[in-house]
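The structure under discussion appears below in the form of structure tokens.
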Amino acid sequence: MKRLSYFLALIFVMLLTSCGVSSEGYSNVTAEEAKQLIDNKEVVVLDVRTPEEFEEGHIPNSILVPVQKLEFRLNELGKEEHYLVVCRSGNRSTQAGEILINNKFTNIYNMTGGMNNWPYEIE
């Protein structure tokens with residue numbers, strides 16, 4: 001019986017970690033999953049790179065809010081909105097996701113690998 005309890009607990013933990021929900025409270029998604037969210041109009045794309053990086057190419061209809069300015073511009077964002085957070089490689093978007101979650105935003109997706117892994121259309 002004890003082994004069965006350990007086994008069930010292990011399965012439960014594996015299910016939780018496989019869902020893509022990070023310990024910070026946002027969901028990590030691949031570029032392919034992000035594209036589906038965008039195509040289904042389920043998210044607003046929040047690009048947290050620098051203006052220079054954004055001008056070099058960005059996901060169509062994305063909003064630029066550099067991560068360095070995000071905490072000062074939170075009032076521009078709706079807390080119930082679903083956001084896909086994007087940067088160059090995934091580091092700044094992780095940081096931005098933590099900022100958003102810490103400020104009571106609840107529907108956050110972090111695109112792992114960032115624009116480096118984005119094979120789709122850019123503007």
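The values are calculated or read from the model by the stated rules, or taken from the named source; none is laboratory data. Because the structure is predicted, anything quoted here is derived from the model rather than measured. FYI the Cβ positions are ideal-geometry reconstructions off the backbone, even for glycines, and counts take in every protein chain you see.
Yes or no, residue by residue, for (1) closer than 15 Å to residue 96 by Cβ; (2) in a loop (DSSP other than H, G, I, E, B):
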position: 38; (1), (2): no, no
position: 42; (1), (2): no, yes
position: 45; (1), (2): yes, no
position: 55; (1), (2): no, no
position: 60; (1), (2): no, yes
position: 70; (1), (2): yes, no
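I'd like the full set of residues that are among the hydrophobic types (A, V, I, L, M, F, W, C), crowded, with 24+ Cβ neighbours inside 10 Å and farther than 18 Å from residue 58 by Cα, limited to the range 78-106. Please lay out each step first, then the result.
Step one: of the range 78-106, the residues among the hydrophobic types (A, V, I, L, M, F, W, C) are 84-87, 96, 99-101, 105.
Filter again for crowded, with 24+ Cβ neighbours inside 10 Å, leaving 84-87, 96, 100.
Once the filter is applied, which keeps residues that are among the hydrophobic types (A, V, I, L, M, F, W, C), crowded, with 24+ Cβ neighbours inside 10 Å and farther than 18 Å from residue 58 by Cα, the range 78-106 yields only 100.
Got a number for residues in the range 107-123 being more than 11 Å from residue 27 (Cβ to Cβ) and either surrounded by fewer than 17 Cβ atoms within 10 Å (Cβ to Cβ) or not aromatic (Phe, Trp, Tyr) (or both)?
Total meeting the criteria: 10.
The conditions are (1) within 15 Å of residue 123 (Cβ to Cβ); (2) in contact with a Leu (Cβ under 8 Å, 6 or more places away or on another chain), and residue 64 fails exactly one of them. Which is it?
Exception for residue 64: condition (2).
Tell me, yes or no, whether the range 21-37 has at least one residue that is surrounded by fewer than 19 Cβ atoms within 10 Å (Cβ to Cβ), among the hydrophobic types (A, V, I, L, M, F, W, C) and modelled with pLDDT under 95.
Yes, the conditions are met somewhere in the range 21-37.
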